[in-house]
1. Of the listed peptides 332-340, 302-310, what is their order by residue-averaged count of other C-beta atoms within 10 Å, with the highest listed first?
2. Cα atoms only, segment 353-475: Rg and Dmax in Å?
3. Mind checking which aspartates and glutamates have their C-alpha under 14 Å from Lys160, skipping anything on the same chain fewer than 8 residues away?
4. For the peptides 433-444, 397-408, what is the packing order when you average, over each peptide's residues, the other Cβ atoms within 10 Å and list the highest mean first?
5. Report the net charge of residues surrounding Leu311, where surrounding means a beta-carbon distance below 12 angstrom and charges are Lys +1, Arg +1, Asp -1, Glu -1.
6. At a Cα cut-off below 30 Å, give the lysines reachable from Lys478, other chains included and same-chain residues fewer than 8 away excluded.
7. Given +1 on the Cβ of Lys and Arg, -1 on the Cβ of Asp and Glu, and no further charges, what dipole in debye does the chain carry about its Cα centre, rounded to the nearest 20?
8. Rank by packing, highest mean first: peptides 34-45, 50-61, 102-113, 123-134, with packing defined as the count of other Cβ atoms within 10 Å averaged across residues.
Amino acid sequence: MELIFEKSVEGRKGFRFGDSDVPVRVQVPAAYARTQDAPLPEVSELDVVRHYTRLSQMNFSIDTHFYPLGSCTMKYNPKFTEALARLSGFTDLHPLLAQLSGGERWTQGALQILYELQQWMGEITGFKHFTMQPLAGAHGELTGIMLMAAYHKSKGNHKKKYVIIPDSAHGTNPASAAIAGYETITIPSNKDGGMDLQALRDAVNEQTAGLMMTVPSTYGVFEPNISAIAEVIHAVDGIMYYDGANLNAVLGRFRPGDVGFDVMHINTHKTFTTPHGGGGPGAGPVGVNDKLAPFLPVSRVVRRADGAFALDYNFAQSIGYIASFYGNFGLLVRAYAYLLMLGREGLADTADHAVLNANYIMKKLAPYYKLCFDRICMHESVFSASQQAARGVHAIDIAKFLIDQQVHPPTVYFPISVPEAIMIEPTETESKQTMDYYIGKMVEADKLSQTDPAVFKEFPKTMPVSRPDEVKAARDVKTSFFAATTDAA
Ligand SMILES: *Cc1c(COP(=O)(O)O)cnc(C)c1O
């Protein structure tokens with residue numbers, strides 16, 4: 001690794017500052033002043049450009065590789081939405097401008113985007129009221145559960161204590177409920193991957209604050225009993241939360257607001273193809289029905305009688321700000337552009353192709369890998385590598401094999417309720433040729449597990465780092481070259 005990372009050559013400079021022409025008014029106290037130069041890498045601009053460009057090429061990304069990471073919806077991010085989000089009319093806008101007296105005049109375009117997104121997302125989901133503020137799916141969940149809590153407080157529902165969550169839920173669901181002050185109760189799934197209705201009835205009582213559900217679920221299956229579930233929850237004045245992370249499977253075909261849900265979030269980086277951003281900015285707009293509308297965050301974007309767009313802070317029961325300003329505005333511009341491009345028919349097409357692609361891969365791999373649920377899937381399918389594991393080749397080994405074959409591995413070991421889980425989500429943006437290549441590699445892995453299982457321990461062979469200790473990497477992070485070298489010494 002030294003060869004890759006150690007580029008410093010004594011005396012080499014990429015940039016030289018001229019002498020300062022600003023008079024020194026206050027001297028830094030001697031105790032704090034440097035007596036020696038900082039031990040920075042000494043490199044030229046070209047060294048730096050090559051270093052980072054090469055590092056970027058070691059990464060897997062949507063723009064370089066097929067990326068069927070189940071549950072994450074890693075679809076292609078069209079470049080025209082990037083270009084639109086970079087228009088200076090958006091990037092040069094100061095977020096406080098809209099609040100200045102007369103400032104609305106200069107921000108009509110931006111406010112219009114936020115307003116129309118509220119309308120369009122409302123039409124897509126069946127929820128009349130939206131906030132664009134939340135900064136990720138998980139942040140949308142937290143916002144939604146805070147709205148739930150505000151509702152119960154306003155109704156004097158003081159006994160509410162639990163949020164019910166199925167065992168297939170994403171880990172963010174119980175985390176969001178806990179941060180908002182609730183305890184959680186887990187409901188097991190039935191053999192079809194749906195919610196066990198009897199277990200739900202047994203768990204619900206006057207302490208039930210609400211239920212969080214993902215439809216289609218993380219198992220990639222549609223829940224057929226939503227109305228019955230909603231009835232059970234609403235009978236105790238509970239709130240039905242729809243985790244919209246998998247909305248891309250049902251766009252234009254099914255509206256959660258029509259079937260008994262009260263609140264939901266959208267992950268724009270999943271459903272509306274804004275970049276996931278390597279842990280960077282996301283957006284998790286939250287929609288609600290009339291019951292929860294009074295509690296939505298401020299500011300809210302409204303349209304006045306004269307047609308002008310404006311910010312409104314005048315909602316006495318609002319939970320307040322949930323993020324600074326209006327959320328990650330640049331991502332919302334990208335989502336807006338994407339919706340404009342697709343239109344109504346395009347959106348439904350998107351969902352159809354996401355489901356078709358997932359079923360294509362599921363059918364082709366079913367002879368080789370054990371299917372979790374033998375039924376038509378939605379946007380993703382879940383296998384278990386249990387047959388391969390019996391030969392000594394585990395889900396992680398298959399994932400490492402795939403890295404050498406130039407595809408990003410699928411999600412493995414999640415959902416946690418499935419042993420040796422392999423969860424595959426191709427998304428609608430991939431071609432048949434790409435999927436066929438991937439299917440071929442999965443079949444090859446199965447064959448190899450029969451003929452030479454031991455070889456899997458060597459994978460990946462083509463990467464600069466083969467198999468890091470993942471626990472140590474997470475618990476004992478070294479972000480600084482200097483800290484690492486000092487430690488070693
Ligand atoms: C991705 C995901 C989340 C969390 O969304 P983030 O935007 O990553 O915070 C929540 N629930 C489900 C089902 C998901 O797939």
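The values are calculated or read from the model by the stated rules, or taken from the named source; none is laboratory data. Note that this is a predicted model, so its numbers are computed, not measured. No Cβ is skipped: glycine too gets one built from the backbone with ideal geometry, and neighbour counts run over all protein chains shown. Surface areas here come from the heavy atoms of the whole protein model, side chains and all, with no ligands, DNA or RNA. Shrake-Rupley method; radii C 1.70, N 1.55, O 1.52, S 1.80 Å.
1. In decreasing order of mean packing, 332-340, 302-310 become 332-340, 302-310.
2. Values for segment 353-475 (Cα only, Rg and Dmax): 14.3, 40 Å.
3. The reachable aspartates and glutamates, counting only those whose Cα sits under 14 Å from Lys160, are Glu183, Glu206, Asp237.
4. Numbers: 433-444: 16.2, 397-408: 20.3.
Highest mean packing first, the order is 397-408, 433-444.
5. Details: positive: Arg300, Arg303, Arg304; negative: Glu104, Asp312.
With Lys, Arg at +1 and Asp, Glu at -1, the neighbours total +1.
6. Lys7, Lys13, Lys400, Lys457, Lys461
7. So the magnitude is around 360 debye.
8. On the way: 34-45: 10.0, 50-61: 11.8, 102-113: 15.3, 123-134: 22.7.
For the peptides 34-45, 50-61, 102-113, 123-134, the packing ranking is 123-134, 102-113, 50-61, 34-45.
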